[in-house]
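Peer 1: Please find one structure pasted underneath; my questions will follow.
Throughout, read-outs are computed from the coordinates displayed, never taken from laboratory work. If you're wondering where the values come from, they're calculated on a predicted model, not measured in any experiment. Because the Cβ atoms are built from the backbone with ideal geometry, glycine has one as well, and the counts that use them run over all protein chains shown.
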Amino acid sequence: MKKLRVAIQMDPLERLHQKTDSTLYLARAALARGYELFHYVPGALHMEVGRRVTIGARGNELKFRNGEWALGKQNVENLADFDVILMRQDPPFDLAYITATHILEHLRDRVKIVNDPVAVRNAPEKLLVTHFPQLMPPTLVTRDTGAIEKFRAKHGAIVFKPLYGWAGYGIFQLGADDPNLHALLETMGGISREPWMIQKYLPEIKTMGDKRIVLLDGEPVGVYRRIPAKGDTRGNMRVGAKAERAPLTKRDREICKTLAPVLCTSGLMLAGIDVIGDYLTEINVTSPTGLPSADRFNGRTFKNGIAKMFWDLLLK
C-alpha cells in the first residue's frame, strides 16, 4: 500500500474533542495505513511569490500514541511536497477562510485537496442550498426589515440564522407575534453587515430532530438525528442536543440523489447535509462533522466505517 504524505489544515489540537472530532477520526484512519501526517493551522500558511508561487506552512508531525493525540517537532514544509491536503478548519466562513482557499488554489494541479478549495469558496453552506429550492422550506435571505416582517406575516413562526454562522451560534426562533423581532434585528445588525437567513419554523424539529446525513462522493454513508435539548430549538450537539439512531427515508434518498451530481463534479467529496422533516436546510462542506456518530448509529466500527471509506475512495 502506498505511503502517502498528508497535510491537514485544521484548528489547534487543544481545541478539539479528541475522542469525537471528525478530523482526528480521519487522521487516525490515515495513520493506521502508515501515512505521514502534518498538522498546521490556517494562520501558519504562507505564500511566497517570486518567479513562481511557493505555498508553505509551519506545523508539526501529528502523532497518536497510547490513545492520545500529540504534536511532534515543528517544521516548515512546502505543501507541494504532499500527496493530500485536508482543508478541515472550522468556520467562521470569513475573509481569513476565503483567503486560505485562494492560497491553496495554487496547489490544485499538484496536490489532491479535499474538499476542493475553489468549490468550498463558491459554496457557503447556507447559500449553496439555495440552488435546490425544491428541497428547501420557505426561506428568505435579506437584511431588509420590511421583507422579514412580510415573510413572518405569511409563514408564522420563523427561525433567524446568521448567514455565515456555524454550530448553532446566533440562531433564534421567533413566534408569529413575538415582539422581539425588531430588537433582534437591531442587535444583530450592529454585529455585522452580512444578510441573514430567515426560514419558516418547522415544528418537526421537536419530535423528529435535525437529521445529519454524511455524503461521500454524493452517496449517503451515514445518518443520525439530533434532538434539541429541552427549552432549546437548535439541533446542535454543542448546545446539548441528543444524538439518536435515524432511518434513511425515501425522501432523504431523493435529496441525496439530487445533490450528488453537483457535489461530485465540484470536488466536494465529503459533505454533511441537514434535513428537518422533508426539507433540506443546509449543506455543510467546510468541515463536515459527525463521522464517529454516524458510524456508531449505523452499526459500523472504526475499522470498516466512514474514515476507511474516505481513504479507499481517495486512493481511487
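Peer 1: Relative to the present Cα-Cα distance, how much length would full extension add between Q173 and C264 at 0.36 nm per residue of separation?
Peer 2: Working: separation 91, 0.36 × 91 = 32.76 nm, distance 3.39 nm.
Net length gain for the segment: 29.4 nm.
Peer 1: Continuing with the same structure: When the label point is put 7 Å from the Cα of D81 along its Cα-to-beta-carbon vector, which residues of segment 3-30 have a backbone N closer than 16 Å?
Peer 2: Residues 4-8 qualify, since their backbone N sits under 16 Å from the label point.
Peer 1: Express in nm, to one decimal, how much length is gained between K303 and K150 on full extension, taking 0.36 nm for each residue of separation and deducting their alpha carbon distance. The partial results should precede the final answer.
Peer 2: Values: separation 153, 0.36 × 153 = 55.08 nm, distance 5.19 nm.
Result: 49.9 nm gained on full extension.
Peer 1: What is the dipole size for segment 5-121, taken about its Cα centre, with +1 at each Lys and Arg Cβ and -1 at each Asp and Glu Cβ, in debye to the nearest 20?
Peer 2: Numbers: 16 positive and 15 negative charges, 52 e Å.
Computed about the Cα centre, the dipole is about 240 debye.
Peer 1: Now a separate question. Pick out which of E244, E149, E61 has the largest mean-square fluctuation in a Gaussian network model of the chain, springs linking Cα atoms closer than 10 Å.
Peer 2: Result for the chain, Cα springs under 10 Å: E149 fluctuates most.
Peer 1: Over all distinct alpha-carbon pairs, what is the Kirkwood Rh of segment 163-290 in angstrom? Write down the numbers at each step before the final one.
Peer 2: Details: mean 1/r = 0.0631 Å⁻¹.
About 15.8 Å for segment 163-290.
Peer 1: Which values, in whole Å and largest first, are the semi-axes of the equivalent ellipsoid of the chain obtained as the square root of 5 times each eigenvalue of the Cα gyration tensor?
Peer 2: 35, 23, 18
Peer 1: Same structure, new question: On a full-extension model of 0.36 nm per residue, what is the gain between L95 and K257, subtracting their alpha-carbon distance, rounded to one decimal in nm? Intermediate values should be presented prior to the final figure.
Peer 2: Values: separation 162, 0.36 × 162 = 58.32 nm, distance 3.20 nm.
Here the segment from L95 to K257 would lengthen by 55.1 nm.
Peer 1: If you don't mind, another one. Put +1 on the Cβ of each Lys and Arg and -1 on the Cβ of each Asp and Glu in the chain; which of T23, G277, P179 then has its Cα farthest toward the positive end of the dipole?
Peer 2: The residue sitting farthest along the positive end of the dipole is T23.
Peer 1: Would you mind giving the average projected area, over all directions, of the Cα convex hull of segment 5-121 in nm² with one decimal? Before the final figure, lay out the partial values.
Peer 2: Details: hull surface 29.2 nm².
So the Cα hull casts an average projection of 7.3 nm².
Peer 1: While we're here: Highest GNM mean-square fluctuation, the chain, Cα pairs closer than 10 Å: which of E77, E125, E14?
Peer 2: Result for the chain, Cα springs under 10 Å: E14 fluctuates most.
Peer 1: Would you compute the Debye intensity of segment 63-145 from its alpha-carbon atoms alone, equal scatterers and no solvent, and pass along log10 I(q)/I(0) at q = 0.10, 0.21, 0.27 Å⁻¹ to two decimals?
Peer 2: Debye output, listed in q order: -0.41, -1.09, -1.28.
Peer 1: What value, in deg cm²/dmol to 500, does the helix sum -39500 (n - 2.57) over DSSP H runs of n ≥ 4 give at 222 nm once divided by the residues of the chain?
Peer 2: Details: 10 runs with 89 residues, N = 316.
Value at 222 nm, helices only: -8000 deg cm²/dmol.
Peer 1: Where nothing but the Cβ of Lys and Arg (+1) and of Asp and Glu (-1) is charged, how large is the charge dipole of segment 138-200 around its Cα centre, in debye to the nearest 20? Don't skip to the end; give the middle numbers.
Peer 2: Values: 7 positive and 6 negative charges, 42 e Å.
Using only the charged Cβ atoms, the result is roughly 200 debye.
Peer 1: Please build a GNM for the chain, connecting alpha carbons under 10 Å apart, and tell me which residue among A80, A70, A30 fluctuates the most.
Peer 2: A70
Peer 1: Follow-up. Take Q18 and A183, extend 7 Å from each Cα along the Cα→Cβ direction, and tell me the distance between the two endpoints in nm.
Peer 2: The modelled label-to-label distance comes out at 4.4 nm.
Peer 1: If I fit a long axis through the Cα atoms of helix 22-32 and take the longest principal axis of the Cα atoms of the chain, what angle between them do I get, 0 to 90°, rounded to 10?
Peer 2: Orientation of helix 22-32: about 20 degrees from the principal axis.
Peer 1: Choose one of G231, I205, L263: the residue whose Cα lies farthest towards the positive end of the charge dipole of segment 188-268 (beta-carbon charges +1 Lys, Arg; -1 Asp, Glu; about the Cα centre).
Peer 2: G231
Peer 1: For K150, which lysines qualify as cross-link partners when the Cα separation must be under 19 Å and same-chain residues fewer than eight apart are set aside?
Peer 2: Partners within reach: K161, K200.
Peer 1: From the phi of every residue in segment 186-202, what ³J(HN,Hα) in whole Hz does the Karplus formula 6.51 cos²θ - 1.76 cosθ + 1.60 yield, where θ is phi - 60° and glycine or proline is x?
Peer 2: Each residue's phi maps through the Karplus curve to give 5, 5, 5, x, x, 8, 8, 9, 6, x, 10, 9, 10, 10, 4, 5, 9 Hz.
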